[in-house]
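Peer 1: Please find one structure pasted underneath; my questions will follow.
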Amino acid sequence: MSAYFTTANLSRAACVAGVAGLMAVPRILDRADGHGLFVFILIFSAFPLLTIIAGTATAWGECGGMRGIFPDWRQSLPWITAAVVAGLLFVPAMLWYDSFRQASLPEYEAARLAGQIPKTPDAALALILWSAGFETILFQAGVMSFVARLTGSSVAAISAGPAFKLLVYLLQCANLGFSPLSALAATGAALTTGIAGILYARAGLPAAMAFNAITSSRFLLALIFVG
């Protein structure tokens with residue numbers, strides 16, 4: 001823990017958290033009810049929370065053979081290109097998957113799921129920023145670096161991201177009153193989390209953020225082209 005609790009490490013983590021926190025603000029405003037004290041508390045608490053999570057990546061991001069949070073640009077560029085290509089290939093598949101999942105759910109569950117989907121371009125853009133910022137810091141940088149520090153294995157770290165994502169989805173489904181069968185639909189999100197994890201392990205935050213942003217852009221594309 002000595003590498004974590006240093007001024008230099010926490011300063012680096014605070015810089016990363018500052019950017020990710022600003023990216024999270026539109027999503028918090030969109031999802032929160034009203035714009036009062038509750039929203040202010042959520043926004044204010046996001047920054048220290050992200051600093052704690054990002055600190056694991058800035059301290060232990062190279063454990064288990066991973067490349068760290070910001071590897072050398074020349075080594076990362078091919079992987080960033082691969083992230084963009086993979087994201088673009090996944091968008092149509094995920095649009096189909098979203099439609100299939102919506103059609104396969106019971107009516108009341110489909111209606112509740114539809115309520116989670118952005119209905120305006122602003123809301124869709126907020127989700128893109130949230131996915132590229134907060135979710136990348138949590139499911140890739142944070143979880144993976146922590147597990148890599150514990151196990152010394154990048155394979156364990158990459159596996160931990162989808163497992164944690166699936167757990168979060170299951171808890172969300174339980175909170176929304178979805179059936180266990182419906183919760184199994186979260187395996188699609190676990191798959192994309194695993195791919196983002198591989199990209200993070202090989203090329204750090206830029207590649208993972210690019211992939212997550214592009215796959216989340218499907219909601220914006222659906223609004224633009226389908227309406």
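Peer 1: Which of (1) surrounded by fewer than 18 Cβ atoms within 10 Å (Cβ to Cβ); (2) at pLDDT below 85; (3) part of a helix (DSSP H, G or I) does residue 227 not meet, given it meets every other one?
Peer 2: (3)
Peer 1: Condition test on residue 181, is it at pLDDT below 95, part of a helix (DSSP H, G or I) and not β-branched (Val, Ile, Thr)? Talk me through it step by step, then tell me what you get.
Peer 2: Details: at pLDDT below 95: yes; part of a helix (DSSP H, G or I): yes; not β-branched (Val, Ile, Thr): yes.
Judged against the criteria, residue 181 is a match.
Peer 1: Okay, next question. Among the residues of region 143-159, write down those that are surrounded by fewer than 23 Cβ atoms within 10 Å (Cβ to Cβ) and not aromatic (Phe, Trp, Tyr). Please lay out each step first, then the result.
Peer 2: Applying the first criterion (surrounded by fewer than 23 Cβ atoms within 10 Å (Cβ to Cβ)) to region 143-159 yields 146, 149-156, 159.
Answer for region 143-159, where residues must be surrounded by fewer than 23 Cβ atoms within 10 Å (Cβ to Cβ) and not aromatic (Phe, Trp, Tyr): 149, 150, 151, 152, 153, 154, 155, 156, 159.
Peer 1: For the structure I just gave you, tell me whether residue 193 is at pLDDT 95 or above, part of a helix (DSSP H, G or I) and surrounded by 19 or more Cβ atoms within 10 Å (Cβ to Cβ).
Peer 2: no
Peer 1: Buried (at least 18 other Cβ atoms within 10 Å of the Cβ), closer than 18 Å to residue 202 by Cα and in contact (Cβ under 8 Å) with a residue 60 or more places away in the chain, is that true of residue 132?
Peer 2: Judged against the criteria, residue 132 is a match.
Peer 1: Please work out which residue is farthest from residue 83 (Cα to Cα), limiting yourself to region 161-177 and to residues that are crowded, with 18+ Cβ neighbours inside 10 Å and free of Cβ contacts under 8 Å to residues at least 24 places away in the same chain.
Peer 2: Restricting to residues being crowded, with 18+ Cβ neighbours inside 10 Å and free of Cβ contacts under 8 Å to residues at least 24 places away in the same chain, the top hit is 173.
Peer 1: Does residue 91 satisfy the criteria of being of a type in the set (A, V, I, L, M, F, W, C), under 30 Å from residue 222 (Cα atoms) and in contact (Cβ under 8 Å) with a residue 12 or more places away in the chain?
Peer 2: Here the answer is yes, as residue 91 does meet what is asked.
Peer 1: Oh, and also: Mind checking which helices (runs of 4 or more DSSP H) fall wholly inside region 1-120 and carry at least 1 residues that are of a type in the set (D, E, K, R) and surrounded by fewer than 16 Cβ atoms within 10 Å (Cβ to Cβ)?
Peer 2: Counting at least 1 such residues, we get 7-31, 73-104, 107-114.
Peer 1: So residue 62 passes all but one of these: (1) more than 26 Å from residue 198 (Cβ to Cβ); (2) free of Cβ contacts under 8 Å to residues at least 24 places away in the same chain. Which condition number does it fail?
Peer 2: Single failed check for residue 62: (1).
Peer 1: Among 61, 68, 55, which is under 29 Å from residue 25 (Cβ atoms) and in contact with an Asp or Glu (Cβ under 6 Å, 6 or more places away or on another chain)?
Peer 2: Exactly one of 61, 68, 55 is under 29 Å from residue 25 (Cβ atoms) and in contact with an Asp or Glu (Cβ under 6 Å, 6 or more places away or on another chain), namely 68.
The values are calculated or read from the model by the stated rules, or taken from the named source; none is laboratory data. Since the model is a prediction, treat every value here as computed from it, not as a measurement. So basically every Cβ, Gly included, is an ideal-geometry build from the backbone, and we count neighbours across all protein chains shown.
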